[in-house]
Amino acid sequence: MKIQFIKSAEKKKLVSQLNEQFGITNIPYLLLESGKEKVRAFSGSLSKDEIMNLRSFLNIETMGLYFIKKETPIRLSFDAPHLLKDQITKNIIPISEEQLNDWLHGSDLQVVKPSGSYIISLNNDFVGLGKSNSSVILNHVPKDRRLKN
């Protein structure tokens, strides 16, 4: 798989969309696109040139953390809110511990919100993401991270 660096202009566009959705004003990471509109965030000390140099003699298929999927609206990965938690100010839905238990078992939230993406929080800790269809918040916790039983 070919790794492509996100150019500055495209990064600004992504930040603008994330600002509109979640209040995010800065992405302090090197962004790489790696197939199927997936964007990964890299926070290491290697520069673009050093990464490209490594790729010339190593088979580097991927690097960084899966961050967002480029769709409309942008879909944050399950781990992305933790990277930018200090910047997120919009589209946060606080829930109770009982709702959290249901949520982590894969249930949707019975909360009426306008269509869009939302970050689910318990006591100011981000615990997941969901997408509203105007009548419920659809659960986006990956199946392999859901609680069993």
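Pull up region 110-126, narrow it to residues that are more than 18 Å from GLN21 (Cβ to Cβ) and among the aliphatic types (A, V, I, L, M), then point me to the one that is surrounded by the fewest Cβ atoms within 10 Å (Cβ to Cβ).
Filtering region 110-126 down to residues more than 18 Å from GLN21 (Cβ to Cβ) leaves 110, 112, 122-125.
So of that shortlist, the ones also among the aliphatic types (A, V, I, L, M) come out as 112, 122.
Working: VAL112: 10, LEU122: 15.
Residue satisfying both the conditions and the ranking: VAL112.
This table checks each residue for (1) outside any loop (DSSP other than H, G, I, E, B); (2) within 17 Å of LEU129 (Cβ to Cβ); (3) of a type outside the set (Asp, Glu).
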{"site": "GLU20", "(1), (2), (3)": "yes, yes, no"}
{"site": "ILE24", "(1), (2), (3)": "no, yes, yes"}
{"site": "VAL39", "(1), (2), (3)": "yes, yes, yes"}
{"site": "GLY44", "(1), (2), (3)": "no, no, yes"}
{"site": "GLU50", "(1), (2), (3)": "yes, no, no"}
{"site": "ASN53", "(1), (2), (3)": "yes, no, yes"}
{"site": "MET63", "(1), (2), (3)": "no, no, yes"}
{"site": "PHE67", "(1), (2), (3)": "yes, yes, yes"}
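When ASP49 is tested against (1) in the same structural domain as PRO142 (by TED's automatic domain parsing); (2) among the acidic types (Asp, Glu); (3) without any contact (Cβ under 8 Å) to a residue 24 or more places away in the chain, only condition (1) is not met.
Looking across region 16-68 at every residue that is aromatic (Phe, Trp, Tyr) and within 23 Å of TYR118 (Cβ to Cβ), the one that is surrounded by the fewest Cβ atoms within 10 Å (Cβ to Cβ) is identified as TYR66.
Residues that are of a type in the set (Lys, Arg) and under 30 Å from LEU30 (Cβ atoms) within region 81-136 comprise LYS85, LYS90, LYS131, listed in sequence order.
Tell me, please, whether a residue that is over 17 Å from LYS131 (Cα atoms) and touching a strand residue (DSSP E or B) at 6+ places or on another chain (Cβ under 8 Å) can be found in region 70-78. No, the conditions are met nowhere in region 70-78.
Here region 1-15 is the region considered, the condition is being in contact with a strand residue (DSSP E or B) (Cβ under 9 Å, 6 or more places away or on another chain) and part of a helix (DSSP H, G or I), and the residue that is surrounded by the fewest Cβ atoms within 10 Å (Cβ to Cβ) is GLU10. Listed conditions (1) assigned to a loop (DSSP other than H, G, I, E, B); (2) modelled with pLDDT under 95 are all met by LEU32, apart from (1).
The values are calculated or read from the model by the stated rules, or taken from the named source; none is laboratory data. Fair warning: this is a prediction, and the values are worked out from it, not measured in the lab. Positions of Cβ are generated from backbone atoms using ideal geometry, with glycine treated the same way; all protein chains shown enter the neighbour counts.
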